[in-house]
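Asks: This is the structure I have questions about; it appears just below.
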Amino acid sequence: MTAVIILAAGIAANTAVFSIVDSVLLKPLPYPNPDRLVTVMEASGSKRERASLIAPVRLEDWNRLNRTFEAIGGSYSENVTDTTGDEPERLVGRRVSPRYFSVFGSRPVIGQTFAPEEEIAGGPSAVVI
């Protein structure tokens, strides 16, 4: 009985570890051409940070000067509070650059992403849900 319990525990642990490794390391990302995605970060020597947020204007400069990548997109998460209801509700939003959806090959189910006039610095704001 002890051998059966030990064997069952070993098989269960092996299955759990393989499931995690398979989902995290072996399955490709759910985007077209996931092998072509890279992360580009900016290091700040003065702040002694390994990576920092990239200003939208700098991101646009990188896209303008870019000769290597098809496009460079950026994003960062932002917490906001919705106070329109009876109780305040915390929401997590993501600010993205105009090329964000083209970098990941994403298309909206309904509606559109960014219009050309919304991709200009200082242009009108847009929301994609």
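The values are calculated or read from the model by the stated rules, or taken from the named source; none is laboratory data. Note that this is a predicted model, so its numbers are computed, not measured. Using ideal geometry, Cβ is built from the backbone for each residue, glycine included, and neighbour counts are taken over all protein chains shown. We work out accessible area using only protein heavy atoms, side chains counted, and drop any ligands, DNA or RNA first. Shrake-Rupley method; radii C 1.70, N 1.55, O 1.52, S 1.80 Å.
Asks: Residues in region 47-55: is at least one out of contact with any helix residue (DSSP H, G or I) (no Cβ under 6 Å at 6 or more places or on another chain) and in contact (Cβ under 8 Å) with a residue 12 or more places away in the chain?
Replies: yes
Asks: Related question: For the condition under 26 Å from VAL24 (Cα atoms) and in a loop (DSSP other than H, G, I, E, B), what is the one hit in VAL103, VAL38, VAL92?
Replies: Testing whether each residue is under 26 Å from VAL24 (Cα atoms) and in a loop (DSSP other than H, G, I, E, B) leaves just VAL38.
Asks: Oh, and also: Quick check on VAL109: is it open to solvent by 100 Å² or more (accessible area, probe 1.4 Å), out of contact with any helix residue (DSSP H, G or I) (no Cβ under 8 Å at 6 or more places or on another chain), modelled with pLDDT under 85 and in a loop (DSSP other than H, G, I, E, B)?
Replies: yes
Asks: Residue check: is ARG58 under 25 Å from GLU119 (Cα atoms), of a type in the set (Lys, Arg) and surrounded by 10 or more Cβ atoms within 10 Å (Cβ to Cβ)?
Replies: It is true that ARG58 is under 25 Å from GLU119 (Cα atoms), of a type in the set (Lys, Arg) and surrounded by 10 or more Cβ atoms within 10 Å (Cβ to Cβ).
Asks: For region 30-43, which positions are more than 15 Å from LEU59 (Cβ to Cβ) and either out of contact with any Asp or Glu (no Cβ under 9 Å at 6 or more places or on another chain) or charged (D, E, K, R) (or both)?
Replies: Passing the criteria: PRO30, TYR31, PRO32, ASN33, PRO34, ASP35, ARG36, LEU37.
Asks: Among the residues in region 63-75, are any farther than 26 Å from GLY122 by Cα and in a loop (DSSP other than H, G, I, E, B)?
Replies: Yes, because at least one residue in region 63-75 is farther than 26 Å from GLY122 by Cα and in a loop (DSSP other than H, G, I, E, B).
Asks: Just checking, how many residues over region 99-129 are more than 19 Å from ARG36 (Cα to Cα) and of a type outside the set (Val, Ile, Thr)?
Replies: Count: 15.
Asks: Anything in region 23-77 that is out of contact with any strand residue (DSSP E or B) (no Cβ under 8 Å at 6 or more places or on another chain) and acidic (Asp, Glu)? List them, or say none.
Replies: ASP35, GLU60, ASP61, GLU70, listed by residue number.
Asks: Every residue in region 113-128 that is open to solvent by 50 Å² or more (accessible area, probe 1.4 Å) and free of Cβ contacts under 8 Å to residues at least 12 places away in the same chain, please.
Replies: Within region 113-128, PRO116, GLU117, ILE120, GLY122, PRO124, SER125, VAL127 meet the criteria.
Asks: In addition: Is it true that ARG95 is among the basic types (Lys, Arg) and closer than 25 Å to PRO32 by Cα?
Replies: Yes, satisfied.
Asks: Would it be correct to say that PRO98 is outside any strand (DSSP E or B) and open to solvent by 100 Å² or more (accessible area, probe 1.4 Å)?
Replies: no
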